[in-house]
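Since the structure comes first, as structure tokens, the remarks are kept for the end.
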Amino acid sequence: MSVSYENLLYELDAASGILTITINRPSKLNALNAATIEDIGAAMQQALDEPQVRGIIVTGSGEKAFVAGADIAELAALTPAQALRAAEHGQEAFCRIEESTKPVVAAVNGFALGGGCELAMACHMRVASDNARFGQPEVNLGLLPGYGGTQRLPQLVGKGKAIELLLTADLVKADEALRLGLVNHVVPQAELLAFCQQLLGKILGKAPLAVGMVLECVNAHYAKDANGYDMEAKSFGRAFESDDFKEGTTAFVEKRAAVFTGK
């Protein structure tokens, strides 16, 4: 299955249920302009609406960049009011990724700078190629991250280190990103997509409703208007109503692999 977007490739493998969304502006190192942000939000909503999509990989075209940042020429022409709306639209699109109940893995190939780092951080997990570089260099331009970077980076690497990276604009190599907890795995670039597919395949063998509820509960910990413990308890109770719970416990007793239906 293939769906057409101006700045994205949207490719679903029907056999596995894994959708690959590729930011596709290679001549601009996949820099994020307004149209691309719009495409990302629309593609994620489509993925959430399509039952055949079970897991999602987000990556960039080519070998140099995941996303090398925002489109600076476009940003430079914005008024303050337009910049506010641009940040709100970017946050909305990236929150759609973070709040997905289908697992989303960023396959970070090359540079993930500025908005690219923010896009990767919005995904549930990050796998980096060994040539990947991460950074939030906005202060070099007299700016700051606008798509959630000041919020998500501290969640992943801790407040002190996040502030250092945000204020110095230092770039982080893949091995350092792994040490800091910014990424989950580092692999050779040639193995990046296959590794992400294998990781998602392992997750997709679990109960889909339980996977979705885990993601919701983890996100609730960071939401100012949610009680994560309360959500966890209620979700735990809801899980007992599912066919997947009955199948999982029956399969365990019968010493066989569970066959989950997501119901």
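The values are calculated or read from the model by the stated rules, or taken from the named source; none is laboratory data. All figures in this text were calculated on a predicted structure; none of them were measured in a lab. Positions of Cβ are generated from backbone atoms using ideal geometry, with glycine treated the same way; all protein chains shown enter the neighbour counts. Quick note on the areas: whole protein, heavy atoms, side chains included, nothing else; ligands and nucleic acids left out. Shrake-Rupley method; radii C 1.70, N 1.55, O 1.52, S 1.80 Å.
Binning at 10 angstrom from zero up to the longest distance, how are the C-alpha pair distances of region 99-204 distributed in percent? Distribution as computed: 16, 50, 28, 6, 0 percent. Largest first, the extents of the alpha carbon coordinates of the chain on the three principal axes equal 61, 38, 35 Å.
For Cα pairs less than 8 Å apart in space and 6+ apart in sequence, what is the mean separation divided by the residue count of region 1-104, i.e. the relative contact order in percent? Don't jump to the answer; show the numbers that get you there.
Values: 150 pairs, mean separation 30.8, N = 104.
The value is 30 percent.
Give the separation of the Cα centroids, region 190-235 to region 60-94, in Å. Centre-to-centre (Cα) distance: 27 Å. Mean residue ellipticity, 222 nm, helices only, the chain: the sum of -39500 (n - 2.57) across DSSP H runs of n ≥ 4, divided by residue count and rounded to 500, is -14500 deg cm²/dmol.
Principal axis extents of the C-alpha atoms in region 94-141 (largest first, rounded to whole Å): 35, 25, 9.
Could you quote the convex hull projected area for region 206-254, Cα atoms only and averaged over all directions, in nm²? Could the numbers behind the result be given before it?
Working: hull surface 13.7 nm².
Result: a mean projected hull area of 3.4 nm².
Helix 159-168 and the longest principal axis of the C-alpha atoms of the chain enclose an angle of approximately 30°. Axis angle, to the nearest 10 degrees, between helix 208-222 and the longest C-alpha principal axis of the chain: 50 degrees.
Beta bridges per DSSP, both residues in region 39-196: antiparallel share near 10 percent. Of the GluC sites (Glu not before Pro) found in region 182-263, those in coil by DSSP whose Cβ has at most 15 other Cβ atoms within 10 Å are Glu241, Glu254.
Note on the chain: GNM, Cα springs under 10 Å; of Gly160, Gly17, Gly62, the largest mean-square fluctuation is that of Gly160. For region 44-157, just say rounded, prolate or oblate: build the C-alpha gyration tensor, square-root its eigenvalues into a ≥ b ≥ c, call rounded for a/c under 1.5, and beyond that prolate if a/b exceeds b/c, oblate if not. Note, shape of region 44-157 comes out oblate. Ligands, DNA and RNA are left out, and with a 1.4 angstrom probe the accessible area of region 8-204 is 43 Å² per residue. FRET efficiency for the pair Glu88 and Ala169, taken as 1/(1 + (r/R0)^6) with r the Cβ-Cβ distance and R0 = 35 Å, rounds to 0.90.
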